[in-house]
Structure formats: structure tokens, C-alpha cells
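Below is one structure; the comments refer to it alone.
The values are calculated or read from the model by the stated rules, or taken from the named source; none is laboratory data. Values in this document were obtained by computation on a predicted structure and should not be read as measured data. Cβ coordinates were reconstructed from backbone atoms using ideal geometry, including for glycine residues, and neighbour counts include every protein chain displayed. All accessible areas refer to the heavy atoms of the entire protein, side chains included, with ligands and DNA or RNA removed. Shrake-Rupley method; radii C 1.70, N 1.55, O 1.52, S 1.80 Å.
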Amino acid sequence: MFHTYKNPVYEYKKSRDQNTSGPVHHPLVVVGAGPVGMAAAIDAAQQEIPTLILDEDNTVSVGSRAVCYSKRTLEIMNRLGCSQPMIERGVTWNLGKVFFRDQLVSSFNLLPEDGHKLPAFINLQQYYLEEYLVRRMDEFENLEIRWKNRVMAVETNADRVVLSIDTPDGPYQLSCDWLLVADGANSPVREFLGLESRGQWFHDRFLIADVVMKAEFPPERWFSFDPSYHPGRSTLLHRQPDDVWRLDFQLGWDADPEMEKKPENVIPRVRAMLGADIEFELEWCSVYTFRCRRMETFRHGRVFFVGDAAHQVSPFGARGANSGIQDTDNLIWKLKLVMTGKAPDRLLDSYSDERVYAADENIMNSTRATDFITPKSAVSHTFRDAVLELSCQQPFARDLINSGRLSDTAFLTESALTTPDSDRFGSDMVPGAAMLDAPVTGSQGSQWLIDLVGGRFTLLYFVDETATLSRSVLQDLEALGANRIPVKSLVIGGHGEPAAGVATVIDTQGLFRKRYDATEGTTYLIRPDQQVTARWRAFDITKIVAAIDSATANH
Amino acid sequence: MPLVRETNFHQPGKRYFRRYRAGDDFYEALINMHRELSDEQSAKANAKLILLLANHIGDLEVLGEALEIARSGVDSFPENE
């Protein structure tokens, strides 16, 4: 096994913190250098927060594990400066196909329109993503990673958190203002603090078999219900880079995980699925069970839980790693504002409020998929099969097939931070939505909106013709740039030349206008995490400032 | 009006941002209705449900179309051994 990848070994170095008498203090410590912890650390470093990240191990993921990354995750990685190698190596796919008893019953395109910088999904082994994140972390002076640093105890006080850490050179302590816990589903830190993640176990087992083969299957997601080679159960086929293919087999609860993992038992299953004449080699195998659960709240004073440590979902729909990365996207800018005294502490509660809402949606969707894929009763099974049979002819039934609702973003319309619509809009870019990308033209040629927004508050102001931009609006935009919480402005013109004194792009393809239902004077306020937080049909600086205050809990 | 074959699940006053969401809401409610019922009880609940919905639709042409589609697939789809 492991023909295509060799895990790097990162060097443990004794830190100067280990030679001091008392614990050395750090502003921010992240526990766990998985995709979520590293995304958090990079985001924090980019926000100029000195950051220390600890990991108990000294390598990246063993095995491909989370392989499916969504457009929103790629947009976050884009903001963090990591998307390019992901796109270059990753397998881009948009098409999913569903088979029932060997017959194609449905296919779905996840990105039915052009005009986005990033694709709907890529498949990429988790170890590659982690490697790229490690490489990116190395570029920051204010970001330090310590491998082979295992947290053994956590003590929380009103003014700081104290960590006891074990290393190859023995134990030491350090303290921090803020602790981000990204140490995975079985989070030791969660245990140390006596906290729980509660939910539901599913009584089923699945086999992952990654195989290396030269095959002519297209880069699509193939989900099979009740195939002849694996009757009564389901399978999944998905392509990864390096000619590695992810195969999933539903095994049932009675399967013996140790037996099922053995190559002599895996190989016949793979052969049955792929056909006798396809040559392959096993790359990695794993048998897993899963549960859907979450912590009651993701914030405990100075401690934040992110990713699997905070919430866990079944794997159908790729909502695990993707939602974890979206957690940190939501948290870091808030932390920066609170750390610099620009927002009150209660802004940090909104991290939990917003991400608990998103976690509940993820848990709901992945639980529903699990119930569809593995029906729990005879009648449930009958309905499931009826949906699949009908779907050959009936479009509505196709939409009911649930082989995993692939990771999408929650609409945070109920969040206390968003300013509800007071004007009428026809688009789904409601306050609380993750912003949609659009192609635009700037002074340097073609650009993507998503590249121009993020990391700080941004105001998008639309005018049909840039020449008509009024002096008073320009003055207000300048004032917003000097606001206590500064706002970057981007004028988007339907036509015209870039306006003087303000960043301007032209909506040459009309897609911004369409996606944002923009008309003369339409104004969108975007949060640092690229979420729409308010929008109006006309520019009004008083309303804009009030919406910024609302979005930062400064009211 | 002929039988609606495109997705039609919705709830007055509720905004759905995802195409699959209203259908999934219904499907979950349907499966939940059967929770803790025996197979026999489930069959009876299904029969009542069909009668209620048929009366609500009322239009015999639509119902006739649905009856035909429901019947026709039952013995034609391949079974696994």
C-alpha cells in the first residue's frame, strides 16, 4: 500500500519556551495542525495576529481521508493564498451520477454556470492539502509551528489559558489569551475541559478502498444504490489525483472491521466493482463508522472549538472538512477586531451562534442522506426504492434522490449581525449569504470579484456608468476608508472607465448585475469573511455605518 | 392541468435557497410518520395518506395519470437476485 505518496517528516525543534522558568505567554495558540487548524493559523497570521500552532505528530494526514473540497472552501483557501496548488493538482469535477441496480437514473451538475474563478468541487488527498498549508505557514514571520508538541492538560482562567505540553524533550507549559481547538473528532482538549459533543451514532460500517489504476472512467462522482456486484447496499466511486480512485462500500453493521480491512477481502470487492480485466493496486484501506453530533456551544470563554472537535457529520456530502474550514473563516476576523479593541467581546459569541446554525444544517443534511442511503425500516426502504425507480422518468423524483447533499454554505439570515433587507431584491445574495463570485474587468484586465474582496469589510457600489459617480459619494467612500473599522470600497460600473480616486471594475459580462440584482446605486456591504451582511438600493452612509456596527456587535 | 412532474415542494411564506431542501423536508416528515409502526400499520398509514392526497387533488384526470405511472413501473424495473 501507499504507492503514490510518501509522508513528509517535519522536524521537531526544542523551543526557547521550554527553557524558561515560568510559562511564556502567547496571544493565540491553535491546537491541531490538520486542515482546519492550519487554515485558522494562516488566517490569523494574515490578520497580523502572532500565532503559535501545536501538533502532536510530525507529518501530514496518513491516508487520503477528506478528499472533496467545495467551491466555498477553495474561495477561503484562495483568500489564504493556498488555492493555486490545490487547483493545479486536484481533480476538478462538477458532475455526479446516480445508478440504481446498474442503471443510470440521474445525474446532476453542481456548477451549471460559468463565471466563477473556482470550480464547484475538487478532489484532492488530504495529505496534499496539508502539505500546501504547511508550506504556506512557513511564509509567515509571525506564525510558528511546533511539531511533536502534545497538549496534556488545559487550565482556563478569566484572563488566560495555561497549557501543559509534552515533547520529546519533556514537558513544559505556556499560556495564551485565546485558544483555538482543532484537535479532531475525539478532541483531547474537549475531554480535558470536561465538555461533550452529543448526537447520534449510525449503525453501519463503510469500507474505503483507495486504489491506483489506469482507467478511463471520467472525473465524476458515481453513486450506486443496490448494484449487482454489491447487492442490497451502496457504493461510491470518485477520482483523486495520481490515478488514485476512492471506492466506498457500505458493509452493514455486522461486518467485522478487522477482517474487512484485509487486502484478501478488499481485493475481491474492488474486482467485482471494476470488472475482472482492470488492473489495480490497493493504496489505502479503512473501515469506518460515523456519528452526527456537536457541542452545545463552540465558545467557552477564551477557548474556541473548530472543525470536527466542535461538530461531526456523516461523510455523505463532504460536509466535514469543508465546514471546519468555514468555521475558522467566520472566527478569525472577529478575534482580530476584539483583540485590537475595535469590537466588544460579545462579537465572539456570534462565532458560536453562526457556526452552530451552520453545523445543525450540515448535520441535518448529512443525517437525511444517511437515512436515504441506509433505510432503517422496510417502509423506508420501499419509499427509497420507489424514488429511485420513478427518477428514470420523473424529474421531481430525481431531486428527491439523496446520495449526499454536497457541501454548501448556510445562509445566516437569522444572525444578529446581519442587517435584514429593507429594500426589494430579486437575488439570493441576501444578508447572511456567502458572496458569489463574478468576472469583472479592472485596469489590469480580467479579474475575479472574489480576489478583490475579503480580509476586511468591503463596500460594493454599483453604477451603470462610472462617469456619473457623484463627488459626494466619493467623499463618503473615502470617509468609510477612514472609519474606526475601515471599509474598503469597490465601485462596479456597468460601463465606463475606472473612476479616479477609488478602486473600480467594470461588469463587462453583466454577471455581477445579474447575480446581485444590481441597479443604479445598489450597495452591498461584505464582511471580511466574504459574507453579505447588508444591502440597499441606494447609497446611504448612515445606514452603512449602522450596518458595520451591527456586524461587529458595536451597538 | 396535467400531473406535475417537476419538483413542486414548497411552503407558503418560507424562502428556500437550496433546490433540494423543501423536498428533503417533506421526505423526512414522510419517513418520520412511519416511525415505530409495524409493516402492517405502515401500509395502512400509507393507504390513508394516498386517500387524503387524492381527495385534495380531486381531478380524476391527474389521479388517473398518477395511477398509471405508479402501476407501470412496479414490475418492469430489474431486480437483483
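For A:Trp245, the criteria (1) more than 14 Å from chain B (Cβ to nearest Cβ); (2) surrounded by 19 or more Cβ atoms within 10 Å (Cβ to Cβ); (3) in contact (Cβ under 8 Å) with a residue 40 or more places away in the chain hold in every case but one, which is (3). The lone criterion from (1) in contact with a strand residue (DSSP E or B) (Cβ under 7 Å, 6 or more places away or on another chain); (2) open to solvent by 40 Å² or more (accessible area, probe 1.4 Å); (3) over 29 Å from A:Glu389 (Cα atoms); (4) in a helix (DSSP H, G or I) left unmet by A:Arg269 is number (3).
If you go through the range B:9-53 and pick out every residue that is at the interface with another protein chain (Cβ under 10 Å from one of its Cβ atoms) and open to solvent by 90 Å² or more (accessible area, probe 1.4 Å), you end up with 6.
Tell me, please, whether a residue that is in contact with a strand residue (DSSP E or B) (Cβ under 9 Å, 6 or more places away or on another chain), more than 30 Å from A:Phe217 (Cα to Cα), open to solvent by 10 Å² or more (accessible area, probe 1.4 Å) and at pLDDT below 95 can be found in the range A:280-298. Write out each step before concluding.
Applying the first criterion (in contact with a strand residue (DSSP E or B) (Cβ under 9 Å, 6 or more places away or on another chain)) to the range A:280-298 yields A:280-298.
Checking which are more than 30 Å from A:Phe217 (Cα to Cα) leaves us with A:291-298.
Narrowing the set further to residues that are open to solvent by 10 Å² or more (accessible area, probe 1.4 Å) leaves A:291, A:293-294, A:296-297.
Cutting the leftovers down to at pLDDT below 95 gives us A:291.
Yes - at least one qualifying residue is present in the range A:280-298.
Conditions (1) without any contact (Cβ under 8 Å) to a residue 12 or more places away in the chain; (2) surrounded by fewer than 21 Cβ atoms within 10 Å (Cβ to Cβ); (3) at the interface with chain B (Cβ under 10 Å from one of its Cβ atoms); (4) touching a strand residue (DSSP E or B) at 6+ places or on another chain (Cβ under 6 Å), marked per residue:
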position	(1), (2), (3), (4)
A:Thr382	yes, yes, yes, no
A:Leu390	yes, no, yes, no
A:Gln394	yes, yes, yes, no
A:Asn402	no, no, yes, no
A:Ser407	no, no, no, yes
A:Ala410	no, no, yes, no
A:Thr418	no, no, no, yes
A:Phe425	no, yes, no, no
A:Pro431	no, no, no, yes
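Screening A:Gln173 against (1) surrounded by 15 or more Cβ atoms within 10 Å (Cβ to Cβ); (2) in contact with an Asp or Glu (Cβ under 6 Å, 6 or more places away or on another chain) leaves a single unmet condition, (2). Of all residues in the range A:1-28, those that are touching a strand residue (DSSP E or B) at 6+ places or on another chain (Cβ under 9 Å), touching a residue at least 12 places away in the same chain (Cβ under 8 Å) and either among the charged types (D, E, K, R) or not in a loop (DSSP other than H, G, I, E, B) (or both) total 8. For the condition in contact (Cβ under 8 Å) with a residue 12 or more places away in the chain, among the aliphatic types (A, V, I, L, M) and at the interface with chain A (Cβ under 8 Å from one of its Cβ atoms), B:Ile69 qualifies.
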